[in-house]
Amino acid sequence: MTVSGWLNINKPAGITSYAVIARLKRLTGQRHIGHAGTLDPLATGVLPVAFGQATRTIEFLHQVSKTYLAEIELGAETDTLDAKGKFMFRHDASGVSQDAVEMALRSFIGTIRQVPPVFSALKRNGTPLYELARRGETVELEPRMVTIHKIQLLDFNPPVVTIEVDCGSGTYIRSLARDLGQSLGVGAYLKCLERTRYGIFDIKDCTELGRMDSAEEIIADLLPADYPLSHCPGVQADSESAERISHGVVTAEVLAQITEKRAYCLYDRSGILLAVIDASSTDLRLKVFNQPATDT
């Protein structure tokens, strides 16, 4: 059985993103399954999962924003920056006011420099950082540029603050918790985290992993391969262009409709996704998905 498309999974707490993929592979017998945006084991929420040809669109999701609901506890910091880590220190946070928290949060909005967690899946010389950290090796990390579009303080119940964060790719909410604590001078760690949106994927439309017991149930909830590519403009190709696209050739008629340095979805006249073309650099990259529709 060949399965192709996207599944909007609500990842439960306590399992890895890889474990979600492993379960879906067992149920479908399909090898080509991947996900966008790893969630830590303690985190819950939206985990977009791609099957078959849809896995080839994962790379185009780095442009989309995400929304997180986070509980942050003030007055302590852990080595993993979340609730599963070892406490490095504790501090009295009773003097921190709501105004101080709101002011500190505002300072993180925009494009900022953020140091990722040492316990993360980022790699150094091919080895995940969390493996180096577990071996006790010292890892010096350089800050990276990330974008935080919006932070809203939803609840202030000392020592816990609840926030909603809209951010771009590469942002670590654990690092944001650490930096908030340091800004307030009391330390902080991420107590719990839920991703409520990943681009067009929304928590309100999620499929619960626990109720997935068969390939048929998975197929019933599948979304089209181009579902998460709504941020990519669509270009319709005529019959001749569609045929040439299927052989990896982009015609002048199609190129004339590509006016920006970004990814575009190419469709045939019946609305079937033929390919995605990445025009973000001078070297156009074309990923072909389907054959053009034929006359009957």
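The values are calculated or read from the model by the stated rules, or taken from the named source; none is laboratory data. Computed from a predicted model, the values in this text were never measured in an experiment. No Cβ is skipped: glycine too gets one built from the backbone with ideal geometry, and neighbour counts run over all protein chains shown.
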Completion exercise
The lone condition Lys66 fails out of (1) surrounded by fewer than 22 Cβ atoms within 10 Å (Cβ to Cβ); (2) within 30 Å of Leu273 (Cα to Cα); (3) out of contact with any helix residue (DSSP H, G or I) (no Cβ under 8 Å at 6 or more places or on another chain) is (1)
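Looking only at residues that are in contact (Cβ under 8 Å) with a residue 40 or more places away in the chain and within 15 Å of Ala279 (Cα to Cα) in the range 224-234, which one is surrounded by the fewest Cβ atoms within 10 Å (Cβ to Cβ)? Show your work before the answer.
Restricting attention to the range 224-234, the residues satisfying the condition of being in contact (Cβ under 8 Å) with a residue 40 or more places away in the chain are 224-229, 231-232.
Checking which are within 15 Å of Ala279 (Cα to Cα) leaves us with 229, 231-232.
Details: Leu229: 23, His231: 15, Cys232: 19.
For the range 224-234, the residue satisfying everything is His231.
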Problem - Positions within the range 34-58 being among the β-branched types (Val, Ile, Thr), part of a strand (DSSP E or B) and within 26 Å of Lys191 (Cβ to Cβ), in sequence order - result: Thr44, Val46
Practice task
Go through Asp278, Asp213, Asp205 for me and flag whichever is over 30 Å from Ser94 (Cα atoms), acidic (Asp, Glu), buried (at least 17 other Cβ atoms within 10 Å of the Cβ) and touching a residue at least 40 places away in the same chain (Cβ under 8 Å).
Solution key: Asp278
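Out of all the residues in the range 59-103, which are assigned to a loop (DSSP other than H, G, I, E, B), closer than 27 Å to Gly37 by Cβ and touching a residue at least 24 places away in the same chain (Cβ under 8 Å)? Lay out the reasoning, then the answer.
Going through the range 59-103, the residues assigned to a loop (DSSP other than H, G, I, E, B) turn out to be 64-65, 75, 79-81, 83-86, 91-97.
Subsequent filtering for residues that are closer than 27 Å to Gly37 by Cβ retains 64-65, 79-81, 83-86.
Within the range 59-103, Val64, Ser65, Asp79, Thr80, Leu81, Ala83, Lys84, Gly85 meet the criteria.
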Exercise for the section: Kindly indicate which of Ser169, Ser183, Ser175 is assigned by TED's automatic domain parsing to the domain that holds Leu105, in a loop (DSSP other than H, G, I, E, B) and either at pLDDT 95 or above or within 20 Å of Thr111 (Cβ to Cβ) (or both). Expected result: Ser169
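Evaluate the following for Leu284: is it closer than 28 Å to Val46 by Cβ, more than 21 Å from the chain's Cα centre (by Cα) and outside the structural domain of Leu24 (by TED's automatic domain parsing)? Lay out the reasoning, then the answer.
Values: closer than 28 Å to Val46 by Cβ: no; more than 21 Å from the chain's Cα centre (by Cα): yes; outside the structural domain of Leu24 (by TED's automatic domain parsing): yes.
So Leu284 fails the test.
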Completion exercise
Subset of the range 136-190, residues without any contact (Cβ under 8 Å) to a residue 24 or more places away in the chain and touching a Leu at 6+ places or on another chain (Cβ under 8 Å), comes to Val139
Practice task
Identify the residue in the range 113-138 that is crowded, with 17+ Cβ neighbours inside 10 Å and within 30 Å of Asn157 (Cβ to Cβ) and, among all such residues, is modelled with the highest pLDDT.
Solution key: Gln114
